[in-house]
Amino acid sequence: MNKNEFIDAVALKSGLSKKDTKSAVDAGLETITEALAKKDSVAFVGFGTFSTATRAARKGVVPSTGKAINIPATTVAKFKVGKALKEAVSLSK
């Protein structure tokens, strides 16, 4: 499912127009992005938690050349699945 398909599905379930739904989805994603940029976490009980983590600097290898490189430390986004979502996905086999 891509973003447009997601917006269509949410609009159908909520009864909102696609324009209003797109604005709401965009605002929600922007809010999550801003929180993560500030190193805050965003938790939705039962769904999951968006957070950040620092990935340490490390050495790597360029596969095509075999040359060793230094990979700098960086901050990455993480998502930890909530219990209800985990159960819903595992039951949908």
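The values are calculated or read from the model by the stated rules, or taken from the named source; none is laboratory data. Predicted model only: the values in this text are computed from it and were never measured. So basically every Cβ, Gly included, is an ideal-geometry build from the backbone, and we count neighbours across all protein chains shown. Remember, those area values only see protein heavy atoms, side chains included, never the ligands or the DNA or RNA. Shrake-Rupley method; radii C 1.70, N 1.55, O 1.52, S 1.80 Å.
Report the percentage of all Cα-Cα pairs in the chain whose separation exceeds 15 Å, rounded to a whole percent.
Working: 3183 of 4278 pairs.
Result for the distance tail: 74 percent.
Tell me the carbon and sulfur percent of the accessible area for the chain, rounded to whole percent, probe radius 1.4 Å.
On the way: 4480 of 7430 Å².
That fraction is 60 percent.
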Value of relative contact order over the chain, rounded to a whole percent, pairs C-alpha under 8 Å and six or more apart: 21 percent
Angle between the chain longest axis and helix 18-37 axis [Cα atoms, degrees, rounded to 10]: 30 degrees
Within the chain, helix-based [θ] at 222 nm, where runs of 4 or more DSSP H residues each add -39,500 (n - 2.57), nearest 500: -14000 deg cm²/dmol
Inter-site label distance for A43 and M1 at 7 Å from Cα along Cβ, in nm: 2.5 nm
Nearest-20 debye value, the range 28-83 charge dipole, Cβ charges on Lys, Arg, Asp, Glu: 360 debye
The chain, accessible area per residue, ligands and nucleic acids excluded (1.4 Å, Å²): 80 Å²
Using alpha carbons only: equivalent-ellipsoid semi-axes of the range 39-91, gyration tensor based, whole Å: 34, 16, 5
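Fully extended, how many nm does the chain gain between R58 and S14 (0.36 nm per residue separation, minus their Cα-Cα distance)? Don't skip to the answer; put the middle values down first.
On the way: separation 44, 0.36 × 44 = 15.84 nm, distance 4.63 nm.
Contour length minus Cα-Cα distance gives 11.2 nm.
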